[in-house]
1. Hey, among the residues in the range 5-59 that are surrounded by fewer than 17 Cβ atoms within 10 Å (Cβ to Cβ) and of a type in the set (D, E), which one's nearest to E182 (Cα to Cα)?
2. If we keep just the residues of the range 319-364 that are part of a loop (DSSP other than H, G, I, E, B) and touching a Ser or Thr at 6+ places or on another chain (Cβ under 6 Å), which is farthest from L262 (Cα to Cα)?
3. Do you know which of the residues in the range 156-172 that are part of a helix (DSSP H, G or I) and acidic (D, E) is farthest from R40 (Cα to Cα)?
4. Can you list residue pairs whose Cβ atoms sit under 9 Å apart, with the first residue in the range 229-249 being farther than 30 Å from E373 by Cα and the second being outside any loop (DSSP other than H, G, I, E, B) and among the acidic types (D, E)? Count only pairs 6 or more apart in sequence or on different chains.
5. What tally of residues in the range 332-370 results from selecting those that are over 19 Å from L202 (Cβ atoms), small (G, A, S) and under 21 Å from the mean Cα position of the chain (by Cα)?
6. Any residue at all in the range 341-354 that's crowded, with 22+ Cβ neighbours inside 10 Å, within 27 Å of F177 (Cβ to Cβ) and at pLDDT below 95?
7. Would you confirm whether any residue within the range 283-290 is touching a residue at least 40 places away in the same chain (Cβ under 8 Å), among the hydroxyl-bearing types (S, T, Y) and at negative phi?
8. Scanning the range 85-117 for residues that are of a type in the set (D, E) and over 14 Å from the mean Cα position of the chain (by Cα), which turns out nearest to Q178 (Cα to Cα)?
Amino acid sequence: MDSFERKQWLADMIACRRKVHAHPEPGWLEYRTAALVAERLTALGFEVTTGKGACASEARMGLPGTETIRAHEEKALRQGVDPDWLERMKDGHTAVVGVLRGARPGPVVALRFDMDCVEVGESDDPEHLPRKLGFSSAQPDLMHACGHDGHIAIGLGTAEKIAERANELAGEVRLLFQPAEEGCRGARSMVEAGWLDGVNYLLCGHIGLKSKKLGEIVASVSGFMSTAKIDAVFRGKAAHAGESPELGSNALLAACAAALHLHGISRHGGGATRVNVGMLEGGTGRNVVPGEARMKLELRGETEALNAYMVGETSRILESAAALYGVSCEWETVGCGTSAEGDRSLIPLIEKECAGMETVGTFVPTLPFGASEDATFMLRKVQEQGGRGVYMLFGSPLAAGHHHPSFDFDERVLGIAAELLVRLVFACPQWPAEIEFPCITN
C-alpha cells in the first residue's frame, strides 16, 4: 500500500467514523448502524448474516421495551434505512456477521467489533472537536462516548483490505459486529448463535482505555472483571404528603436507603470488587409520597466468585431496604460478563507484526484491564474448544475519559488498528497451531 492509498484508506475510515458518530444508537436499536455495516460488507463480497441468524433471540439481555423498539424501527425507516435490512433486523436483532472464505485450507479467524453508543449527552462546548467539525451527536442524551464508532470504522476498513486480498486468503474470516456491548448484553447472543464455533483465533480490541499514546499497541490485556448489571423497581403506595402521609409507603426513600447501603458492601479479602448505582429516579411531585422508584446498578468482581458475593449482598440489601419502608422490590439481571484471560502465546506473534509497522512506536505485551467486557464470553468459547484469542488496546490520546460528554480520540488510531488486524489475519495461517486447520471450501 503506497502513501496515497494509505491516506485515502484512513480518510475513508475517518468519514465512516464521523457518520456513525453523528447518529448514535443504543444497544439492540442499532438499525441505522447495522444496515450501514451490512451494506458495506455485502458490497465487498462478504457473505452477510444479520437478524436472528446472527444473534440468538433468547440469549439477548436487557432488551428495550416493545414501544421503544418500534419507535426506533420507524425512525430508521424515516432516515432511509433499506426496508429489507430493517425487516431482517426487526425486534432488536441488530447483530451483523460478514464471512469471507479462502480457496485454501487454513484457520478460522474471528474479529469482533462493537456498535452501540453510551447513554450520555454530548458536550456542546464549541471547542469539542466533533462539535467544532460538525459531526457531534444529533441525538439528545446519546453519544459514542466509548469509541465504538471508531471500532466500526476499523472493522469496515479491515474488511476492505481483506477483500482486496481475498485470493491470498487461507481459511475463513468472520467479522462479528456486535450490538449491546454497553451493559454487557450482546456477546452471549452471538456465541449462542454459533458464530464462535470452530474459531481458531479470536481478535478483539478497544481504542484508548489504559493505552493513551498514539502508536502504542497492547497485545493482550488481563484481569477482566466478572460483572452483573441489575435493574430494580421499588413499589410502595402513593399518598397526599400533607393531608395523609401515613397512608403512603415511600418507595423512593427505600431506594435511597438501598443505594447508600449498596455502596457500603464490605470489601472482600479474596480480591477486588466494585459497585455503582448509576441511576435512581422516582416520584411524581413534591406533595406526593412516591409510590414507585427505579434503580440501575452494576456489580463487578475480580473473579466469578467475588461477583457472586456482590450479587448475594445486593439481593439482601434490596430486600431489607424494601422491608424497612414497607414496600416491595423486584429486580432482574439485564447484563453480565465473565472473567477471562487472553492467550499470552499470541503476544510474540503480535509483536512480530507490530515490528513491521512504521506507525507502531510502542509495544506493550500486557496490561491489567481492571474493567468488564462481554467479549469475554467469546474469548472463553474459543479457548474451551482449543482456540486462542486476545483483547488488544489501540493507543490514542483522549480528550476526556470514556463515557464522558467530551470524549474523543485521535482518529489516526483507526489506520493503525486496521493495518494491524489485516496483518494478523494474513499471518495467522503461519502461526504454530495446536489443532489441525479444517479444509474450508466455498
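The values are calculated or read from the model by the stated rules, or taken from the named source; none is laboratory data. Note that the structure is predicted; figures quoted are calculated from it, not measured. Note that we place each Cβ from the backbone using ideal geometry, even for glycine, and neighbour counts take in every protein chain shown.
1. Within the range 5-59, the match that is nearest to E182 (Cα to Cα) is E58.
2. The qualifying residue farthest from L262 (Cα to Cα) is G342.
3. In this case the residue turns out to be E168.
4. Pairs that qualify, where the first residue is farther than 30 Å from E373 by Cα and the partner is outside any loop (DSSP other than H, G, I, E, B) and among the acidic types (D, E), are R235/E292; R235/E330; G236/E292; A238/E292; A239/E246.
5. Of the residues in that region, 2 qualify.
6. Taking every residue of the range 341-354 in turn, at least one turns out to be crowded, with 22+ Cβ neighbours inside 10 Å, within 27 Å of F177 (Cβ to Cβ) and at pLDDT below 95.
7. Within the range 283-290, one or more residues are touching a residue at least 40 places away in the same chain (Cβ under 8 Å), among the hydroxyl-bearing types (S, T, Y) and at negative phi.
8. Applying the filter and picking the extreme gives D91.
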